[in-house]
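Some notes on the structure that comes next.
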Amino acid sequence: MQVSLFMDSVETKNSGKKKTVISISIGSSKRDARGSLLLGDTEVSLERKGTDGDMEKAAQLLHFYDGKVDAMGLGGTDLYLVAGNRRYVFAESAKLLKQVNDTPVLDGSGLKNTLERMAIRYLADAHVIDFNGKNVLLVCAVDRFGMAEALAEQNCRLLFGDIIYGLGCNIPIRSLAALRRWASVLVPIITRLPIKWMYPTGKKQDSHISRHPEYFADSDVIAGDFLFVKRFMPTRLSGKTIITNTVTAADRKMLQDAGVKTLITTTPCLQGRSFGTNVLEAAIVAASGSKKALQPEEYEVFIRKYKIMPSIEHFQ
């Protein structure tokens, strides 16, 4: 069974406004896709373009589409990470933004802090997932503090894999307080390093390294960025529940073959795949007519107004 994104005003014909969103990703071009969705009376055309890790090409595309589309997403990286009360901007991402003057650029951070937080609470309140006493692995939390904090509210045993899967050191983090302490030390350093050192880009998005599979095996629920899950997961995930996003049709088949029980994406499933949070955030900003990122409370209004809910697919 699949439960996809629901919007209260979806129609087969749309006589309202039209907006265009393009996502420039430093990830693999094999994951490129197009789609569209309706937000109220606004039809938003979506497209993803990957540059296979080529930062110069990403800069060129951002410059080319500046002023030609209503909003742009920046994929395969984040603009910033949060540690405590401070935001640290990725140096490489900041250079990319210098190519854009007129079009708002969104990296998905706004929805990670709102939509993903709300999604975890919905899954618990609607009894889709009983988190009580479950082992939950969030593969990388520093770019998903909203999800991390929402999971910490549940009565589950949390493990944050930031150092294990992000930095390659077997140091599990088992509390939100510990995550904050590590983040205050590591995030200022990480954001000054090349993005590819922390996050799989280009061809690395298609490669697989089974790193510390015991943490996957011991977890009932595996959450977080799909490229981290895909890159480091063991070949079998029998009976597991996955909470993620940016999943293609081929990815869904791979997870099903691996024995995954339930796949939940926090972003809509369109034309057989879910798009990244940067794409959906750009779509919301474009539909709103804003020229900059919205405030958290504004995103929450859009999410509730258009009934943006998790997509749930039970394989078994």
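The values are calculated or read from the model by the stated rules, or taken from the named source; none is laboratory data. Being a predicted model, the structure only gives us computed values, none of them experimental. We place every Cβ from the backbone using ideal geometry, glycine too, and count neighbours over all the protein chains shown.
The set of residues from region 207-227 being at pLDDT 95 or above and either under 18 Å from Lys30 (Cβ atoms) or among the polar types (S, T, N, Q) (or both) comprises just one member, Ser219.
Scanning region 203-237 for residues that are in contact with a Lys or Arg (Cβ under 8 Å, 6 or more places away or on another chain), over 21 Å from Leu151 (Cβ atoms) and among the small types (Gly, Ala, Ser) yields one hit, Ser207.
Check Arg31 against each of (1) within 30 Å of Arg192 (Cβ to Cβ); (2) in the same structural domain as Lys230 (by TED's automatic domain parsing); (3) of a type in the set (Lys, Arg) and name the one condition it does not meet. Of everything listed in (1) within 30 Å of Arg192 (Cβ to Cβ); (2) in the same structural domain as Lys230 (by TED's automatic domain parsing); (3) of a type in the set (Lys, Arg), Arg31 misses just condition (2). Among the residues of region 17-37, those that are assigned to a strand (DSSP E or B) and of a type in the set (Gly, Ala, Ser) comprise Ser23, Ser25, Ala33, Gly35, Ser36. With the structure loaded, tell me whether Lys230 is among the charged types (D, E, K, R), under 23 Å from Cys140 (Cα atoms) and either at pLDDT 95 or above or in contact with a Phe, Trp or Tyr (Cβ under 7 Å, 6 or more places away or on another chain) (or both) or whether it fails that test. So Lys230 fails the test.
From the list Arg192, Arg180, the one residue that fits, being in a helix (DSSP H, G or I) and at pLDDT below 95, is Arg180. No other residue among Gly224, Gly239 is under 14 Å from the mean Cα position of the chain (by Cα) and closer than 21 Å to Ala124 by Cβ apart from Gly224.
Once region 152-174 is narrowed to residues that are among the small types (Gly, Ala, Ser) and modelled with pLDDT of 95 or more, the residue that is surrounded by the most Cβ atoms within 10 Å (Cβ to Cβ) is Gly161.
Residues in region 150-168: is at least one in contact with a Pro (Cβ under 9 Å, 6 or more places away or on another chain), under 30 Å from Arg304 (Cβ atoms) and in the same structural domain as Lys261 (by TED's automatic domain parsing)? Yes, because at least one residue in region 150-168 is in contact with a Pro (Cβ under 9 Å, 6 or more places away or on another chain), under 30 Å from Arg304 (Cβ atoms) and in the same structural domain as Lys261 (by TED's automatic domain parsing).
Here the condition is being of a type in the set (Lys, Arg) and within 16 Å of the chain's Cα centre (by Cα); of Arg181, Arg231, Arg192, it holds for Arg231 alone.
Only residues that are part of a strand (DSSP E or B) and touching a residue at least 40 places away in the same chain (Cβ under 8 Å) were counted in region 149-172, giving 1.
Taken together, Gly133, Gly146 contain a single residue that is surrounded by 20 or more Cβ atoms within 10 Å (Cβ to Cβ), outside the structural domain of Leu294 (by TED's automatic domain parsing) and either outside any helix (DSSP H, G or I) or in contact (Cβ under 8 Å) with a residue 12 or more places away in the chain (or both), which is Gly146.
Here's the yes/no breakdown for (1) under 30 Å from Pro104 (Cβ atoms); (2) crowded, with 24+ Cβ neighbours inside 10 Å:
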residue	(1), (2)
Ile243	yes, yes
Val247	yes, yes
Asp251	yes, no
Ala258	no, no
Thr267	yes, yes
Arg273	yes, no
